[in-house]
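A quick write-up on the structure given underneath.
The values are calculated or read from the model by the stated rules, or taken from the named source; none is laboratory data. Keep in mind that this is a model prediction, so the values were computed, not measured. Methodologically, a virtual Cβ is constructed for each residue, glycine included, from the backbone with ideal geometry; neighbour enumeration extends over all protein chains shown. Ligands, DNA and RNA are excluded from the accessible area calculation, which covers all protein heavy atoms including side chains. Shrake-Rupley method; radii C 1.70, N 1.55, O 1.52, S 1.80 Å.
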Amino acid sequence: MTDLGGFHDHVARIDLDDGAVAYEGIDEEDAKKYIGARGLGVKYVFDQGPDVDPLGPENLLAFMNGPLTGTQVTMSGRIAICTKSPLTGTVTDSHHGGWSGARLKWSGFDGLLFEGQADEPVYALVEDGEVELRDASHLWGQGVHDTIDDLEGEIEGGSLGKNLSVMAIGQGGENEVKYACIINEDDRASGRGGTGCVMGNKNLKAVVVKSSTRMPKPKDQETFQEGHKQAMQVIQESDVTAPNEGGLSMYGTNVLMNLTEEMDGLPTKNAKYSSTRSYSDAEGDGERIIDSENVSGENVRENILVDEPTCHSCPVACKKEVEVQTMHKGEELNVRMESYEYESAWALGPNSATDERDKIAVMIDRCNDYGIDTIEAGNMMAQAMELTEEGKLDELDDGIAWGDADEMIDMLGRVAHRETELADHMAEGQEHLAEEFGDVTTDTLTVKNQSIPAYDPRCMKGMAIGYATSNRGACHLRGYTPAAEILGIPEKVDPREWEGKGELCATFQDLHAISDSFDICKFNAFAEGIEEYVLQYNGMTGLDVSEEELMDAGERIYNLERYYNNLAGFDGADDDLPNRFVEGDEHAIPAQGGSEGELAELSKMKDEYYEVRDWENGVVTDEKLDELGIDIGPGTGVSAGDSAAPADD
């Protein structure tokens, strides 16, 4: 039980095997150690055991908010979905914005824990501190958009955008595409790690939350208001977050497209090139083949922007709603959607050798409707294109040409439904496709089977070590070093210099573990820092933690995740990068243009990083577990100075 501010001390445990719903409180010591949302969610997943089958009934699917979710705190509309990933085999947490996290808090819950597997499709209705399972057979087979529309119609008194949020899966989750995601309010995705695949395996079609606004009150109003005032000031003064002025507010996440292109840090054509300009220089015979500017935030704002919606308590409004009309194989398509994000536009655009802005909008919308991760889907397309070009898919009499946007639109549907042999293989992820038709060592752009995002690790060395050591597979959001390498936050560092990036990465990883556990948007870190975090956290909860103690909590959460992965069989050998990025690898492809010759000095950075972390070959030592107060599980059996593999759990 806990009486900390920001908590309802109310978690639902839903057994999908028999439909039973039980309610429980939160252990206060766990709340203090792991904060909430991501941290507490990972603790719940850990308690199920790291050896569970991700697609077995024993795998836990946790929907968690944090002590700052749904409060007056700026950008506090997030929710964490934690589970064991069917894509990577690691623990994973995936977050989305909008209003569902806030509404879950307002409905009286700190979390929902789904176990087991329903015999028939169901959805969960959450309202006034209670959870009810309802039949979803009539929704099964539908995309996310129709599912949300139908649920709004059948929930008495429910109105989307006013008192109702729907988190749903599409056909991708139903058909257990390994990178299926959960979509909230049509276009907000818990995108990475296959959370939607787990949800589909459990026959859970949707989670519907109905609640009016009931923001939690701070335990220490004076401290909270001091922190909130300070946070608002730095957000308004930031060149990145200032409402209606900062780059993120004006152009959304896609403000980065032109920036990464200019520094030759935009992986292009399955990362054979480090910018669209370099691609054109090498293969264009003097002509520009594609241009990233065509899919940039500036281009989007000037030509197809129609609205700028926002999430709970967010003045930045980074969401950019667009409307396009485009021809697709003789058919006119009209699409309005709000997820023209940097990562999505890159994966389905330049990395797949296309810059057809409006068709990319259609692809993003299709991904959202099918419920599949846009980053993974785009990388799968690029991989299939390269395998097609190399003749490795000839036996299937199938494939896809570089930059064929029309075929990409159709391929997304085939993957979501597993309609063809190629699509069925693509639904399993990059390493599976390479094992079947190519070479895992040369034909994948993954870490722990999760595809890279839109930052080239050859010339952003913080991202190189960040991808390699991410606890959920290749990810930019575990430790967002581009804040320093591109935006100069908190200070500018040379993106091409490897020394010091181990410490920088670990610091960002711990800081983001904190914000993900509050659960607030990472974008506030473009303005706020640990000082604002401590004031608002202490003010809300009534605690009196120091900046150092809060950073220790972030470190504890990151180490708990690593510990889980160690027990699941992962160690330093899995902290790797695709070989085309790595210095000294025979298959390396150096960056071009302004990043000419750059490769990732991975071995050196790993040594530096492990020293900062006090890990042995990627394994948390038992001494480190003791130091951080992580007193669950059997320990790894590894001590400082050892080189042994972790113990089995």
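Taking the DSSP beta bridges with both ends in segment 141-280, the antiparallel portion is around 90 percent. Residues in segment 413-501 average 27 Å² of solvent-accessible surface per residue, probe 1.4 Å, ligands and nucleic acids excluded.
Take peptides 189-200, 467-478 and line them up by average Cβ neighbours within 10 Å, highest first, as a rough protection proxy.
Details: 189-200: 30.3, 467-478: 24.7.
For the peptides 189-200, 467-478, the packing ranking is 189-200, 467-478.
Only protein heavy atoms count here; under a 1.4 Å probe, F523 has an accessible surface of about 50 Å². Across segment 302-318, computed HN-Hα scalar couplings (Karplus, 6.51 cos²θ - 1.76 cosθ + 1.60, θ = phi - 60°) run 6, 10, 10, 5, 10, 7, 9, x, 9, 9, 3, 6, 10, x, 7, 6, 7 Hz from first to last residue, x flagging Gly and Pro.
Of all DSSP beta bridges confined to the chain, the antiparallel ones make up roughly 80%. Calculated mean residue ellipticity, 222 nm, the chain: -10500 deg cm²/dmol, from DSSP H runs (n ≥ 4) at -39500 (n - 2.57) each, averaged per residue and rounded to 500. Among all the lysines, which ones have a C-alpha under 20 Å from K269's C-alpha, if same-chain residues fewer than 8 places away are not counted? By straight Cα distance, K269 reaches K359, K392.
Rounded, prolate or oblate for segment 258-336? Axes are the square roots of the Cα gyration tensor eigenvalues, ordered a ≥ b ≥ c, and the cut-off for rounded is a/c under 1.5. Don't skip to the end; give the middle numbers.
Numbers: a/c = 2.91, a/b = 1.44, b/c = 2.03.
Oblate.
For segment 1-126, the per residue solvent-accessible surface stands at 24 Å², with DNA, RNA and ligands left out and a 1.4 Å probe.
Highest mean packing comes first when the peptides 311-324, 84-97 are listed by Cβ atoms within 10 Å, giving 84-97, 311-324. Per-atom-type breakdown for the chain gives carbon and sulfur 41% of the accessible area (1.4 Å probe, protein chains only).
Per-residue counts of other Cβ atoms within 10 Å, averaged by peptide: what ranking do you get for 530-537, 600-607, highest first? Spell out each step's value before the answer.
On the way: 530-537: 22.9, 600-607: 19.8.
Peptide ranking by packing, descending: 530-537, 600-607.
K210: which aspartates and glutamates have alpha carbons under 14 Å from its alpha carbon, excluding same-chain residues fewer than 8 sequence positions away? Qualifying aspartates and glutamates at Cα under 14 Å: E127, D128, E130, E132, E152, E154, E156, E185.
Once you have a ≥ b ≥ c as the square roots of the Cα gyration tensor eigenvalues for segment 106-179, tell me rounded if a/c is under 1.5, and otherwise prolate or oblate according to whether a/b is larger than b/c.
Numbers: a/c = 1.75, a/b = 1.26, b/c = 1.39.
Taking the square roots of the gyration eigenvalues as a ≥ b ≥ c, segment 106-179 is oblate.
The alpha carbon centroids of segment 395-472 and segment 597-639 are separated by 28 Å. A straight line joining the Cα centroids of segment 15-34 and segment 563-585 runs 33 Å. Please work out which option in [x] -0.28, -0.52; [y] -0.34, -0.62; [z] -0.41, -0.69 gives log10 I(q)/I(0) by the Debye sum over Cα atoms at q = 0.06, 0.08 Å⁻¹ calculated from these coordinates, and answer with its label. Read-out from the structure maps to [x].
Using a probe of 1.4 angstrom and keeping all protein chains present, the accessible surface of segment 201-241 works out to 50 square angstrom per residue.
Distance from the Cα centroid of segment 288-333 to that of segment 514-556 is 33 Å (rounded to whole angstrom).
For the pairs K492/K522; K32/K217; K522/K624, flag any whose C-alpha to C-alpha distance is greater than 22 Å.
Numbers: K492/K522 18 Å; K32/K217 18 Å; K522/K624 27 Å.
Listed pairs above 22 Å: K522/K624.
If you take the square roots of the eigenvalues of the alpha-carbon gyration tensor of segment 89-244 and sort them as a ≥ b ≥ c, do you get rounded (a/c under 1.5), prolate (a/b over b/c) or oblate? In terms of gyration-tensor shape, prolate.
In percent, rounded to a whole number, the relative contact order of the chain is 15, using alpha-carbon pairs under 8 Å and six or more apart.
Expressed as a fraction of 2.2 N^0.38 Å, the value expected for a compact globular protein of N residues, the C-alpha radius of gyration of segment 437-498 is 1.19. Where does the Debye-calculated log10 I(q)/I(0) of segment 48-178 sit at q = 0.14, 0.18, 0.22 Å⁻¹, using only Cα point scatterers of equal weight, no solvent? With one equal scatterer per Cα and no solvent, log10 I(q)/I(0) is -0.69, -1.17, -1.56.
Heavy-atom accessible surface of W99, to the nearest 10 Å², is about 80 Å², with a 1.4 Å probe and all protein chains retained.
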